[in-house]
1. Looking only at segment 170-182, filter to residues that are in contact (Cβ under 8 Å) with a residue 40 or more places away in the chain and in a helix (DSSP H, G or I); which one of those is farthest from the ligand (Cβ to nearest atom)?
2. Only one of these is surrounded by 23 or more Cβ atoms within 10 Å (Cβ to Cβ) and over 20 Å from the mean Cα position of the chain (by Cα): ALA413, ALA449, ALA466, ALA459. Name it.
3. Which number in (1) more than 20 Å from the chain's Cα centre (by Cα); (2) at pLDDT below 95; (3) under 22 Å from VAL28 (Cα atoms) marks the one condition that GLY494 misses?
4. Being closer than 17 Å to LEU108 by Cα, more than 16 Å from the ligand (Cβ to nearest atom), among the acidic types (Asp, Glu) and free of Cβ contacts under 8 Å to residues at least 40 places away in the same chain, is that true of even one residue in segment 145-155?
5. Being touching a residue at least 12 places away in the same chain (Cβ under 8 Å) and in a helix (DSSP H, G or I) is the filter here, so list the residues in segment 458-482 that pass it.
6. Name every residue in segment 3-18 that is at pLDDT below 95 and surrounded by 12 or more Cβ atoms within 10 Å (Cβ to Cβ), in order of residue number.
7. Take ASP17 and tell me if it is more than 16 Å from the ligand (Cβ to nearest atom), touching a Gly at 6+ places or on another chain (Cβ under 8 Å), assigned by TED's automatic domain parsing to the domain that holds VAL478 and under 21 Å from GLY463 (Cα atoms).
8. Looking at (1) buried (at least 23 other Cβ atoms within 10 Å of the Cβ); (2) out of contact with any helix residue (DSSP H, G or I) (no Cβ under 8 Å at 6 or more places or on another chain); (3) over 19 Å from HIS64 (Cα atoms), find the lone condition where PRO420 falls short.
Amino acid sequence: MSALLLRRARLGAAVRDVLVDTGRVRAVADDLSAGAPGLPELPAGTEVVDLDGGTLLPGLTDAHVHLDQWAAVRRRIDVSAARSAAEAAALVVHGLGGVPPEPGALVLGQGFRDALWARPPDAAALDAVLPGVPVVLASGDMHTAWLSSTAAELLGFDAPTGVVREHAAMEVFARAGGVPDDVLDGWVLEAASAAAARGVTAVVDLEYGDLVTTWARRAALRPGGPALRVRAGVWVDRLEETIAAGLRSGDPLPGIGDPVAADRVRLGPLKVFVDGSLGTRTAFCSHAYPGATHPEAHGLLRTPLPELERLLRRAGAAGLDLAVHAIGDRATAVALDGFAAAGCTGRIEHAQQVHPDDLPRFAELGVVASVQPRHAVDDRDAADQHWAGATGWAFPYRALVEAGAGLVLGSDAPVAPLDPWDGIASAVHRSLDERAAWHPEQHLDLDVALAAASGGRRAVRVGDVADLVVVAEPPAAVLARDGVRGLRATEVQGTLVAGRWTHRSGPLG
Ligand SMILES: [Zn+2]
């Protein structure tokens, strides 16, 4: 692979040349066209690209995605605007565009948020407008599946109300998403390229399933593999086989022959669920959900502390990184207790509600908060209702940073779009509409949000892995001129993974 000289790259206030070779940033200087000290001449065959003042930033990481579902959701009927079950059903009809679905073919929709609906969704609402059609709708948070009677029958689910939650919902999605592997692989690689076009150089894929096999297969489909680095997560039901295979987090997946693809596709963390979600009212909280009378009025504790401790010990000792899903304040406390008891560290995925007493424990234990700022703006109304009186410590990004916690950003795609600029913009300004920012005291400054979206990297430095992104203008200038809307729409001109282009457009195209 030849070296790459990026001329006239804006790095902070300066415009400089950047030399990339063998996957790393080798030199940064005012003018590298004639080489650099210790580098008498440019390596033979160096590609020279003039960025013409384009801004060079560290590559962006999405620390939490479900890539299969995102790749499929990009193709589903969007029902996120529905304010009732009837509206959601009408959106499905509209989405079909008057074309009757092929007999027996599943109709898939995505994104309903029923937390504020006057009446819960049920099969009858779908059956009424699409009799005999198998319809499966996924909630925006992917913790609830809503099925028509025909879909429940077809997929073999006993769901009298048409609504199933949590593990059963994930089973429904797994069965309903059943397209042939080769089709889904193509969709996923396409979604990865679309993410690269937004400046993403790495994702942590926490899809449910055998990701080791899946990603080893996908890595072979294209020279160089997917257009970004993938850390393939492991769910608890595959922990033992992963350990038995001798795989540690960061290892290349077995059987990938292409060295570029092998470098990109590696084993990620173990994922453990402590609780459910806010939208499904299964996040495990110190306060009861208003009006809840069922036994889980405080949410659902999916993994109690002793079992969590056992899993973390077992996986940690085997060299696996640890990602613990916790949304409610009690769940977050259990996750922190689990890390403390097991004597290891890792990430808490979501940390949507953190009791003030628990804030300093992140830094004390070295636990990183892996957060999805778009959720804060999408779920503000649901939080105001279901976490009434406790929203002061909901999505507490600034409080976490001030308490010394490491923070990384993600989308949780398909829950939110796989676009880091959307997350950065949502962290900087906690409103999606004309309303004032929600708990603005918890916003992040732009430089903090950018660093959190870049795996903690704040600048491009010599010696760094050459995972880089070129944007048309400095993000701060975009924000100052066009506000948060402009920041969300940031123009990405180029993306590099280990010094190889994964995206080029506009003046670099
Ligand atoms: Zn997730």
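1. To start, the set of residues in segment 170-182 that are in contact (Cβ under 8 Å) with a residue 40 or more places away in the chain comprises 173, 176-177, 179.
Still in the list and also in a helix (DSSP H, G or I): 173, 176.
Values: PHE173: 12, ALA176: 18 Å.
Filtering segment 170-182 for residues that are in contact (Cβ under 8 Å) with a residue 40 or more places away in the chain and in a helix (DSSP H, G or I), the one farthest from the ligand (Cβ to nearest atom) comes out as ALA176.
2. Numbers: ALA413 fails: over 20 Å from the mean Cα position of the chain (by Cα); ALA449 fails: over 20 Å from the mean Cα position of the chain (by Cα); ALA459 fails: surrounded by 23 or more Cβ atoms within 10 Å (Cβ to Cβ).
Checking each option against the conditions leaves just ALA466.
3. Looking at each condition in turn, GLY494 falls short on (2).
4. So in segment 145-155, the residues closer than 17 Å to LEU108 by Cα come out as 145-155.
If we keep only those that are more than 16 Å from the ligand (Cβ to nearest atom) too, we end up with 146-155.
Retained after the next criterion (residues that are among the acidic types (Asp, Glu)): 153.
Of the ones still in play, those that are also free of Cβ contacts under 8 Å to residues at least 40 places away in the same chain are 153.
Yes: segment 145-155 contains one or more residues that are closer than 17 Å to LEU108 by Cα, more than 16 Å from the ligand (Cβ to nearest atom), among the acidic types (Asp, Glu) and free of Cβ contacts under 8 Å to residues at least 40 places away in the same chain.
5. First pass over segment 458-482, keeping only residues touching a residue at least 12 places away in the same chain (Cβ under 8 Å): 458-476, 478-479.
Once the filter is applied, which keeps residues that are touching a residue at least 12 places away in the same chain (Cβ under 8 Å) and in a helix (DSSP H, G or I), segment 458-482 yields PRO475, ALA476, VAL478, LEU479.
6. Kept after step one, since they are at pLDDT below 95, are these residues of segment 3-18: 3, 12-13.
Within segment 3-18, ALA3, GLY12 qualify.
7. No, not satisfied.
8. Unmet condition: (3).
The values are calculated or read from the model by the stated rules, or taken from the named source; none is laboratory data. What you see is a predicted model; the values in this text were computed from it and never measured. Cβ coordinates were reconstructed from backbone atoms using ideal geometry, including for glycine residues, and neighbour counts include every protein chain displayed.
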